[in-house]
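Report on the following structure.
Where a number appears in this text, it was derived from the coordinates with a stated rule and is not lab data. From a predicted model like this one, the values you see are computed outputs, not experimental measurements. Cβ: placed from backbone, ideal geometry, glycine included. Neighbour counts: every protein chain shown.
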């Protein structure tokens, strides 16, 4: 799904650019076009959902847009994307709490999958009506009116290994994939 004509595209790009800067992401993979532009100061390489597999090199940050709308197997798909993210996974999903817009999994089901990937560090609502005085992005926890009117959720999942043993294991896997890289 492309955000070029979506009025939420600027908010999505803002979240992606902010998280990439915060995590120091030099390489970014996405499963959809994330709005106008080439990714600001960071290039975003877009891979179609069907092409994600073991031969795709991991990136510092992976962005997924509306994975639950892709149908059955969305949870396994997010787990695959999480394995490709060295530092962060950013997931945008339709807000199931929105009045009249209950499509896809509820927030608890989505969060359960994301906690399997890593530590959920941020949850925000996007597409909040302007009359609520919001700039388009409202961090959770949010009031009932925001939860009932926002079109999208954004989740930031920290996927970086925390223990020295996990970091050594990740370096060994990276070196085995590409012996010429330091």
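For this structure, a couple of remarks:
- Our estimate of slack between residue 57 and residue 79, defined as 0.36 nm per intervening residue step minus the Cα-Cα distance, is 6.4 nm.
- The modelled label-to-label distance for the pair residue 22/residue 50, using points 7 Å beyond Cα in the direction of Cβ, is 3.5 nm.
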